[in-house]
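Please treat every number below as a calculation from the coordinates, not as lab data. Note that the coordinates shown come from a computational prediction; the quantities given were computed from them, not determined experimentally. Cβ: placed from backbone, ideal geometry, glycine included. Neighbour counts: every protein chain shown.
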Amino acid sequence: MANTATIEIDGQKHEFPLIEGTENEVGIDIKSLRAATGGCITLDPGYKNTGSCESGITFLDGEKGILRYRGYSIEELADKADFLEVAFLLIFGELPTKEQHDKFHADIKSKSIVDDDVRKIIDAFPKSAHPMGVLSSLTSALTAFNPSSVNVDSEEDMYNSVVKILGKFPVLVAWTMRKKQGLPLDYGSNSLGYVENVLKMMFKQPNEEYVQNKIIVDALDKLLILHADHEQNCSTSTVRIVGSSHAGLFASLSAGISALWGPLHGGANQAVLEMLEAIKEDGGDTKKYMAKAKDKNDPFRLMGFGHRVYKNFDPRAKIIKKAADEVLADLGVEDPILEIAKGLEQEALNDPYFVKRKLYPNVDFYSGIIYRAMGIPTDMFTVMFALGRLPGWIGQWREMRLRKEPIGRPRQLYIGEKHRMFKSVENR
Ligand code: SDX
């Protein structure tokens, strides 16, 4: 393969280096494009063909449905690792030894207390507030209570910031849910595992002992792993670009939470359940919703279907679909919504519109069914996505800062008015 790409403009040829990634992906390095061509830029709304960075964290192959974190397949990690191991792997690059894992968890526990004044902030929100808006605000507020910005060049400082946010974020997640339910805000227990503690903080009733259910603990641990990173998706790119201005880690994460909230992104898991509920209310009329999804005059899309990168099955969706069957069976939950989802999936997989556009179920299509079986409210589904994605956001932010990436500042093609003179109000 040639090692350069040639662009010809007005008869003049310009050569740009080709760079190849570990998995033989090829990028055209256009860093010199504007200078070499006297100001020419590329245009790529949504960055469908544009790489923002080189990264060694997550590899996706959309055509083959491959997902790997630091070289390990998502199938192996979901089956054999626990969430803290995967968090350590994504952030620091290697699976932890037993000693590292135990120290990581102990350090996270030691930093999990949230300043009690945060309760005053959460008290100010109406119960009607969407949990993602509350969580984004509380995460940004952590900056106020932890003002020292992280020195990324100090491994110790970076490590301390990582264990601090991994310790405090689950508390904010639990408090966000319980505030809406009018339940007291408390802490779990440092005697518990990371995921067990999340569940206890979320679900312990003030007048009852909380009894862990291993099925739910294992299912949530797996779901958090499956959501932990996904290369340069919308929210991760947001975390990176905010961090590229050297804004702090917590402020960058807060921005990522807001990006994830959108129904085209992480908000889809809530939108999927609302769609399935609507279909159920409609007597299970999946054909009506398939027609709406294909109608260009109808803004409705089949939520939980399609993906910017996967033009094959999302490997996470396959794992979650299997887990949904197992968890509901183990819990003895009969959920008609699961049958509607399976019916919709079969219809879409055999519909020419979806087949032609390579629209398959994505990570959000089945996850909500498991969250619901766990008793998690629908409007908390995207918060659970954020809890899983936290280590990925941290790892990507750290990589961007360690590689000393420049501040993100895209160009544009101006299509507005040419220069014109001011008109006084009398003459307008
Ligand atoms: C996540 O990027 C990531 O990695 C994200 C994520 C992660 O882990 O971070 O994987 C998590 O966000 C998963 C995606 C969750 N979103 C949804 O489920 C919402 C529904 N899906 C769509 O909105 C859409 O598929 C996107 C946003 C996910 C991807 O959109 P693209 O890549 O911009 O594709 P497109 O809009 O250009 O669609 C191509 C064609 C269009 O039709 P034509 O104009 O070619 O005729 O496919 C159609 C679209 O109208 N299409 C759909 C559809 N998705 C795409 N039609 C009906 N239903 C859908 N869901």
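Summary of computed values
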item	result
Segment 233-288-segment 64-104 distance, computed between alpha-carbon centres (Å)	24
0 to 90° range, to nearest 10: angle between helix 155-181 axis and the chain longest Cα axis	60
Spatially proximal lysines relative to LYS48 (Cα-Cα < 26 Å; intrachain offsets below 8 disregarded)	LYS13, LYS31, LYS64, LYS292, LYS294, LYS296, LYS311, LYS318, LYS356, LYS358, LYS404
Alpha-carbon Rg with Dmax, taken over segment 41-159, Å	19.1, 50
The chain - percent relative contact order, Cα under 8 Å, separation 6 or more	20
Eligible aspartates and glutamates near LYS214 by straight Cα distance, threshold 17 Å, same-chain separation 8 or greater	ASP79, ASP82, GLU196, ASP325, GLU326, ASP330
Projected-area mean, the chain, by convex hull of Cα positions, square nanometres	27.6
Derived scalar couplings ³J(HN,Hα) [segment 21-33; Karplus, 6.51 cos²θ - 1.76 cosθ + 1.60; whole Hz; x for Gly, Pro]	x, 4, 9, 6, 6, 10, x, 8, 7, 9, 4, 9, 4
Karplus (6.51, -1.76, 1.60) ³J(HN,Hα), θ = phi - 60°, over segment 147-152, in Hz, Gly and Pro reported as x	x, 5, 6, 6, 8, 5
Candidate aspartates and glutamates - alpha carbon under 18 Å from LYS179, same-chain residues fewer than 8 apart omitted	ASP115, ASP116, ASP117, ASP123, ASP379
Cβ crowding within 10 Å averaged over residues, with 242-249, 392-399 ranked highest first	392-399, 242-249
Cβ-placed point charges (K, R +1; D, E -1), dipole of segment 1-127 about Cα centre in debye, nearest 20	380
Helix 234-243 vs. the chain, principal-axis angle (Cα, 0 to 90°, nearest 10)	80
Residues of segment 182-204 with amide N under 17 Å of the 7 Å Cα→Cβ point at LYS98	none
Label-to-label distance, nm, for residues given as LYS31 and GLU208 (7 Å Cα→Cβ offset)	5.9
Total formal charge among the other residues, if their Cβ is under 9 angstrom from that of PHE365, Lys/Arg +1 and Asp/Glu -1	-2
Inter-site label distance for LYS64 and ASN151 at 7 Å from Cα along Cβ, in nm	4.3
Dipole of segment 14-171, positive end: most advanced residue of GLY38, VAL163, ILE121 [Cβ charges, Cα centre]	ILE121
Gyration tensor over alpha-carbon atoms, segment 145-274, equivalent ellipsoid semi-axes in Å	27, 20, 14
Cα long-axis angle, helix 131-145 against the chain (0 to 90 degrees, to the nearest 10)	80
Spherically averaged projected area in nm², based on the convex hull that wraps the Cα atoms of segment 160-219	4.5
Nonlocal amide H pairs with PHE305, under 5 Å, H built at 1.01 Å	ASN362
Cβ-defined net charge surrounding ASP116, 12 Å radius [Lys, Arg +1; Asp, Glu -1]	-2
Net charge of Cβ neighbours under 12 Å - reference ASP379; Lys, Arg +1; Asp, Glu -1	+2
Relative compactness, segment 122-207, computed as alpha-carbon Rg over 2.2 N^0.38 Å	1.21
Where the Cα pairs of segment 285-359 fall when distances are cut into 5 Å bins, in %	3, 13, 23, 24, 18, 11, 6, 2, 0
Stokes-Einstein D in µm²/s, Kirkwood radius over Cα pairs - segment 2-111 at 4 °C with 1.567 mPa s viscosity	74
Residue-by-residue Karplus 3J(HN,Hα) for segment 251-263, coefficients 6.51, -1.76, 1.60, Hz, glycine and proline x	5, 5, 5, 4, 5, x, 4, 5, 5, 5, 4, x, x
